[in-house]
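First up is the structure itself, then whatever we jot down about it.
The values are calculated or read from the model by the stated rules, or taken from the named source; none is laboratory data. Everything numeric in this text was worked out from a predicted model, so none of it was measured. So basically every Cβ, Gly included, is an ideal-geometry build from the backbone, and we count neighbours across all protein chains shown.
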């Protein structure tokens with residue numbers, strides 16, 4: 001039986017794996033949101049046996065917003081090879097909780113994105 005894994009990957013430094021940018025213009029010092037519950041939220045992203053059997057794998061890219069209370073307000077899938085992988089990725093993103101981001105010490109909303117790679121080991 002093939003095993004599988006999901007990973008969160010980014011081409012940005014580890015300090016900003018979500019490519020966060022303030023939703024409103026910010027000319028001051030920016031403190032980006034920080035993920036508080038990544039390990040717990042990712043547990044919701046298990047790879048269903050049905051998808052393993054079918055050999056479904058690929059990259060899912062989601063865009064989302066973190067509100068001024070640190071919660072995820074919206075999630076939109078940009079790229080996905082399969083609706084079922086979309087559902088898994090969106091469920092994980094919606095479960096994320098963040099330390100709020102700021103601009104000049106004022107709490108602001110941020111937009112971000114996440115890359116989830118679903119790959120079957122051979």
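Only one of the numbered conditions (1) modelled with pLDDT of 95 or more; (2) within 18 Å of residue 42 (Cβ to Cβ); (3) within 11 Å of the chain's Cα centre (by Cα) is violated by residue 99, and that is (3).
Looking at (1) touching a helix residue (DSSP H, G or I) at 6+ places or on another chain (Cβ under 9 Å); (2) closer than 19 Å to residue 18 by Cβ; (3) modelled with pLDDT of 95 or more, can you tell me which one residue 82 breaks? Unmet for residue 82, out of (1) touching a helix residue (DSSP H, G or I) at 6+ places or on another chain (Cβ under 9 Å); (2) closer than 19 Å to residue 18 by Cβ; (3) modelled with pLDDT of 95 or more: (2). Residues satisfying the criterion are present in segment 34-53 (criterion: assigned to a strand (DSSP E or B), under 11 Å from the mean Cα position of the chain (by Cα) and in contact (Cβ under 8 Å) with a residue 12 or more places away in the chain). Looking only at segment 63-73, decide whether some residue is in contact with a strand residue (DSSP E or B) (Cβ under 6 Å, 6 or more places away or on another chain), closer than 20 Å to residue 117 by Cα and either modelled with pLDDT under 95 or not in a helix (DSSP H, G or I) (or both). Checked against the condition, which is being in contact with a strand residue (DSSP E or B) (Cβ under 6 Å, 6 or more places away or on another chain), closer than 20 Å to residue 117 by Cα and either modelled with pLDDT under 95 or not in a helix (DSSP H, G or I) (or both), segment 63-73 yields at least one hit.
The C-beta contact set for segment 83-99 (first residue farther than 28 Å from residue 31 by Cβ, second residue modelled with pLDDT of 95 or more and not in a helix (DSSP H, G or I), distance under 6 angstrom, 6+ apart or interchain) comprises 85/60; 86/77; 86/80.
One residue is enough: does segment 60-70 have a residue meeting the conditions within 20 Å of residue 109 (Cα to Cα) and loosely packed, with under 13 Cβ neighbours inside 10 Å? For segment 60-70, residues within 20 Å of residue 109 (Cα to Cα) and loosely packed, with under 13 Cβ neighbours inside 10 Å: present.
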